[in-house]
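Data block below; observations after.
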Amino acid sequence: MIIERAEVIVTSPNRNFVTLRLQTDEGHVGLGDATLNGRELSVVSYLKDHVVPLLIGKDAHRIEDTWQFLYRSAYWRRGPVTMAAIGAVDMALWDIKGKAAGMPVYQLLGGASRTGLMAYGHASGVDLQALFDSIREHRELGYRSVRVQTGVPGLKAIYGIAAQSVIDGGLERYDHEPARRGAYPAEEDWDTRSYLHHLPTVFEAVRSEFGPDLPLLHDGHHRMTPIQAAKLGKSLEPYDLFWLEDCTPAENQDALRLVRQHTTTPLAIGEIFNTVWDFQTLISEQLIDYVRAASTHFGGISPLKKVMDFAAQYQIKSGCHGPTDISPVGFAAQLHVGLAIHNFGIQEYMQHGERTNATFQQSMTFENGLLHPGDNPGLGVDLDVDEAGKYPYEQAYLPFNRLADGTVHDW
Ligand code: GCO
Ligand code: MG
């Protein structure tokens, strides 16, 4: 089965998505997500200029060989642009293999290890009242676990918090679709001391309102030093978090040793990692509890399955990155992996907007708090090319942070 055509499709139904579409001589079509939020067009160029010419005429069945060829032949390894491009090829080839076999991808990965994947949603609010409303709203949507983010007194705008404005009759949900867009990154503010004082009071209030059973998560968004992260983990222990995410910028994997020595709050890391090497120390020394890799930025389904199998040897579980900037194709890819592996932990699930769902038709379901990729052959996602063509690329930047004295900080 030979790859005959390869196209890179950019569409912005509610936010920008980059999709690789491969077609074989037997008529099978495979889709891969290559979306890199805020830097989308660099992956488009990587694919169009350097990868697509290498794919035509290749045997579509040789997934592992194609991955190794793209990774090693470039000489320049890793990085989000490279790995998103390779990831899209890998996903598209798994999609094609599934269609050729007449099976959903999870069957090719070993079959289902569970009936569905527990999902967490993003509950947030500038204050406790708004946060409680958001938690209730998520529970009504069927979520059985929620991420909790709130405003901090004295800070005007913090990433990860829904604004107070009302849109379409409901609270505007941060970074849900339509995504906030701008020709320059929006400036937000930050103060770690205020945050460290405030956050435990928020979790205390949430626990007393919603009880001990609801799994609660929190994202520190790389903002703390190791000792600050250790302090936060310790101060949150009474509230029994499911996880504390990205407590430090984990490029320095060794820093997590210090955090780990001080707290039993479970740790999740890795949404911005691109290869298993970024996790090597974290996994082999059991410095984290959940691997946050996403199919899209981690080189596709093949390496995602491998890193989860590596983590499984250390009782570390999956917690794949699932915000709306992972397209329905990338999202489906990680649902298939999550259903198949033994060490599934939880799946982040921010819901896409209507226009995105009309552009990408999905067999995925979300029932009783559990996600399932569906049983259509392949990944279970179809791209309506005419619909996609209606929404051209729009420049969009993620925000950034400054401290009170003007210093740029992690956001
Ligand atoms: C998460 C994230 C996202 C990222 C976003 C960047 O945990 O879901 O931190 O909100 O910031 O995906 O593109
Ligand atoms: Mg995160």
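Counting only strands (runs of 3 or more DSSP E) that sit wholly inside segment 1-66, those with at least 1 residues that are of a type in the set (A, V, I, L, M) and within 16 Å of ligand 1 (Cβ to nearest atom) are 17-24. Please work out if Phe279 is over 15 Å from the mean Cα position of the chain (by Cα) and surrounded by 23 or more Cβ atoms within 10 Å (Cβ to Cβ). Judged against the criteria, Phe279 is a match. For Tyr314, the requirement of being in contact (Cβ under 8 Å) with a residue 24 or more places away in the chain and within 22 Å of Gly330 (Cβ to Cβ) is not met. One residue is enough: does segment 253-263 have a residue meeting the conditions touching a residue at least 24 places away in the same chain (Cβ under 8 Å) and either closer than 30 Å to Phe360 by Cα or within 16 Å of ligand 1 (Cβ to nearest atom) (or both)? The answer is no; no qualifying residue exists. Condition first: in contact with a helix residue (DSSP H, G or I) (Cβ under 6 Å, 6 or more places away or on another chain) and farther than 27 Å from Val10 by Cα. Now tell me which residues in segment 317-328 satisfy that. Once the filter is applied, which keeps residues that are in contact with a helix residue (DSSP H, G or I) (Cβ under 6 Å, 6 or more places away or on another chain) and farther than 27 Å from Val10 by Cα, segment 317-328 yields only Ser318. Identify, please: which residue in segment 70-79 is under 26 Å from the mean Cα position of the chain (by Cα) and part of a helix (DSSP H, G or I) and is, among those, surrounded by the most Cβ atoms within 10 Å (Cβ to Cβ)? Of everything passing the filter in segment 70-79, Leu70 is surrounded by the most Cβ atoms within 10 Å (Cβ to Cβ).
Within segment 83-93, is there a residue that is over 21 Å from Asp325 (Cβ atoms) and either loosely packed, with under 13 Cβ neighbours inside 10 Å or at pLDDT 95 or above (or both)? Checked segment 83-93: at least one residue is over 21 Å from Asp325 (Cβ atoms) and either loosely packed, with under 13 Cβ neighbours inside 10 Å or at pLDDT 95 or above (or both). Checked against (1) touching a Gly at 6+ places or on another chain (Cβ under 7 Å); (2) free of Cβ contacts under 8 Å to residues at least 40 places away in the same chain; (3) within 16 Å of ligand 2 (Cβ to nearest atom), Glu245 meets all criteria but (2).
Under the condition of being modelled with pLDDT under 95 and among the small types (Gly, Ala, Ser), which residue from segment 183-217 is nearest to Ala404 (Cα to Cα)? Top of the filtered list is Ala186.
Looking across segment 283-315, just one residue is outside any loop (DSSP other than H, G, I, E, B), within 16 Å of ligand 2 (Cβ to nearest atom) and among the aliphatic types (A, V, I, L, M), and that is Val291.
None of Ile326, Ile316, Ile346 is in contact with a Cys (Cβ under 9 Å, 6 or more places away or on another chain) and more than 20 Å from Thr19 (Cα to Cα) except Ile346. Considered as a group, the residues in segment 346-357 that are away from ligand 1 (no atom under 14 Å from the Cβ) and of a type outside the set (Lys, Arg) include one that is surrounded by the most Cβ atoms within 10 Å (Cβ to Cβ), and that residue is Thr356. Filtered by the rule that a residue be outside any helix (DSSP H, G or I), out of contact with any strand residue (DSSP E or B) (no Cβ under 7 Å at 6 or more places or on another chain) and within 18 Å of Arg15 (Cβ to Cβ), segment 329-360 gives Gln351, His352, Gly353. Within segment 364-373, restricting attention to residues that are in contact with a helix residue (DSSP H, G or I) (Cβ under 8 Å, 6 or more places away or on another chain) and not hydrophobic (A, V, I, L, M, F, W, C), which residue is surrounded by the most Cβ atoms within 10 Å (Cβ to Cβ)? Checking each candidate, the answer is Pro373. Considering Gly160, Gly142, the condition of being at positive phi, within 16 Å of ligand 1 (Cβ to nearest atom) and touching a residue at least 12 places away in the same chain (Cβ under 8 Å) is satisfied by Gly160 alone. Checked against the criterion of being within 16 Å of ligand 1 (Cβ to nearest atom), touching a Ser or Thr at 6+ places or on another chain (Cβ under 7 Å) and either on the phi < 0 side of the Ramachandran plot or part of a helix (DSSP H, G or I) (or both), the candidates Leu244, Leu236 yield just one match: Leu244. Could you say whether any residue in segment 255-274 is touching a Phe, Trp or Tyr at 6+ places or on another chain (Cβ under 7 Å), more than 15 Å from ligand 2 (Cβ to nearest atom), within 19 Å of Arg78 (Cα to Cα) and not in a helix (DSSP H, G or I)? Within segment 255-274, one or more residues are touching a Phe, Trp or Tyr at 6+ places or on another chain (Cβ under 7 Å), more than 15 Å from ligand 2 (Cβ to nearest atom), within 19 Å of Arg78 (Cα to Cα) and not in a helix (DSSP H, G or I).
Pairing residues of segment 183-203 that are free of Cβ contacts under 8 Å to residues at least 60 places away in the same chain with residues that are charged (D, E, K, R), at Cβ distances under 7 Å and at least 6 apart in sequence or on separate chains, gives Thr192/Arg223; Leu196/Lys231.
The values are calculated or read from the model by the stated rules, or taken from the named source; none is laboratory data. All values reported here derive from a predicted model rather than from experimental measurement. All Cβ positions, even for glycine, are placed from backbone atoms using ideal geometry, and neighbour counts span all protein chains on display.
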